[in-house]
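What follows is a set of notes on a single structure, which appears directly below.
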Amino acid sequence: MKQLIILAATMMAVATISSCKSSKKNADTDDSDAVATIGPEFNADSAYAYCAAQCDFGPRTMNSEAHDRCADWIEQKFRQFGCEVQLQKADLKGYDGTTLKTRNIIARANPSATTRLLVCAHYDCRPWADNDPDSTNWRKPVMGANDGASGIAVMLELARLMQNDTTLAVGVDFVCFDAEDWGTPQWADVSDNGDSWALGAQYFADTLPKSYDVRYGVLLDMVGGQGARFYQEGVSKQYAPAIVKKIWHAARKAGYGSTFPTSDGGMITDDHVPLNQKAGIPTIDIINYYPDCAQSSFGPTWHTVIDDMNHIDPATLKAVGQTMVQVIYSEK
């Protein structure tokens, strides 16, 4: 899926481009950031079930029956939660010339609200486990429990919580991007400048009406892994530093400052890049970062055959979901 470039802090500055909430302060919390939650309680068990339901379809790789059936299910769930749903279909070309039958799913919660946020994730799976330590798995599909399903699961639970909530001051456009993970595999003898990734998000940004107006965007990517922490991603800090500050402050208010350290992560090619660069929507990426993992800074399951429900932690879903509740319900 995404590409990661690790940069030192000085280089970043000059770049052009437990399911129970803790009430304790931590190293990332000062007296002005004492826990003070607002909004409903995020149900991690519910989000976990939504994650499992996606995996029950099998790997949701492009042009597969599992992909299309899961897309139908996601659309139906958002409609069930009172969202107005729009489908954006397109035939897009993969890095190898394959025609990909893509379907972005746009679900508008609290559709009458004129002030809106964008919250997004991708739902397709990596067709090739090209980072698996066993080379015999490199052409096997990835289940994508964390890399795809976890972000959609958090969005579905947020939509369920927001249903019929008259206290909300803003609306949310939940956008489920397709064809994020058809990027050039490591084993392919093909150069990759990053354009082969995030195809659904690129199409969304390229075709967005000039009248489309949201305050800012938040991308949720790999937000359910065991032991995950969410460092501040570099492209997000470049294009939307105020939003980074807002989300990480909300995490501390919700009691999850230790899960959202204020340290820098890498600069990542992901769905937020075209939203920032092409659509002009300041968008940040909440994405796991494992600085001490030898296999990948995205964690030990990234693009491997073990990205399955055995490695999803409801406590991680809770930390991200409750932070997003804090963000959404803080907007006026």
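Which of the helices (runs of 4 or more DSSP H) found entirely inside region 1-86 contain at least 1 residues meeting this: farther than 19 Å from ILE105 by Cβ, at pLDDT 95 or above and of a type in the set (D, E, K, R)?
44-55
When region 151-172 is examined, which residues are found to be touching an Asp or Glu at 6+ places or on another chain (Cβ under 7 Å) and open to solvent by less than 10 Å² (accessible area, probe 1.4 Å)?
Selection gives GLY151, VAL170.
Quick check, is VAL142 of a type in the set (A, V, I, L, M) and touching a helix residue (DSSP H, G or I) at 6+ places or on another chain (Cβ under 7 Å)?
Judged against the criteria, VAL142 is not a match.
Looking at region 131-150, which of the residues that are in a loop (DSSP other than H, G, I, E, B) and of a type in the set (A, V, I, L, M, F, W, C) is surrounded by the fewest Cβ atoms within 10 Å (Cβ to Cβ)?
TRP138
Which of the residues spanning region 87-125 are farther than 20 Å from LEU168 by Cβ, touching a Lys or Arg at 6+ places or on another chain (Cβ under 9 Å) and either in a loop (DSSP other than H, G, I, E, B) or open to solvent by 40 Å² or more (accessible area, probe 1.4 Å) (or both)?
LEU87, LYS89, ASP91, THR99, LYS101, TYR123, ASP124, CYS125
Among the residues of region 80-96, write down those that are among the charged types (D, E, K, R) and under 16 Å from VAL119 (Cβ atoms).
The answer is GLU84, and nothing else.
Taking region 180-219, which residues are open to solvent by 30 Å² or more (accessible area, probe 1.4 Å), in a helix (DSSP H, G or I) and in contact with a Ser or Thr (Cβ under 8 Å, 6 or more places away or on another chain)?
TYR203
Give all pairs with beta carbons closer than 8 Å in which a residue from region 189-208 that is among the β-branched types (Val, Ile, Thr) meets a residue that is open to solvent by less than 20 Å² (accessible area, probe 1.4 Å); count only pairs at least 6 apart in sequence or on separate chains.
VAL190/THR184
So in region 220-261, with the set limited to residues that are within 14 Å of the chain's Cα centre (by Cα) and farther than 22 Å from ILE281 by Cα, which one is most open to solvent (accessible area, probe 1.4 Å)?
ARG229
Exactly one of these conditions fails for LEU275: (1) out of contact with any Cys (no Cβ under 7 Å at 6 or more places or on another chain); (2) surrounded by 24 or more Cβ atoms within 10 Å (Cβ to Cβ); (3) within 26 Å of ALA129 (Cβ to Cβ); (4) not aromatic (Phe, Trp, Tyr). Give me its number.
(3)
Determine which single condition TRP128 fails, assuming it passes every other condition in (1) in contact with a Pro (Cβ under 9 Å, 6 or more places away or on another chain); (2) farther than 25 Å from ALA228 by Cα; (3) at pLDDT 95 or above; (4) open to solvent by 10 Å² or more (accessible area, probe 1.4 Å).
Here TRP128 meets the rest and fails (2).
Give region 43-73 a look and list any residue that's among the hydrophobic types (A, V, I, L, M, F, W, C), out of contact with any helix residue (DSSP H, G or I) (no Cβ under 6 Å at 6 or more places or on another chain) and buried (at least 19 other Cβ atoms within 10 Å of the Cβ), or say none.
Just the residues of region 43-73 that are among the hydrophobic types (A, V, I, L, M, F, W, C), to begin with: 44, 47, 49, 51-53, 55, 57, 62, 66, 70-71, 73.
After this cut, where a residue has to be out of contact with any helix residue (DSSP H, G or I) (no Cβ under 6 Å at 6 or more places or on another chain) as well, the list is 49, 53, 62, 66, 71, 73.
Residues satisfying the conditions are MET62, ALA71.
The values are calculated or read from the model by the stated rules, or taken from the named source; none is laboratory data. All of these numbers come straight from a predicted model, not from anything done at the bench. When we count neighbours, we look across all protein chains shown, and the Cβ atoms used for this are built from the backbone with ideal geometry, even at glycine. Protein only, heavy atoms only, side chains kept; ligands, DNA and RNA dropped before computing areas. Shrake-Rupley method; radii C 1.70, N 1.55, O 1.52, S 1.80 Å.
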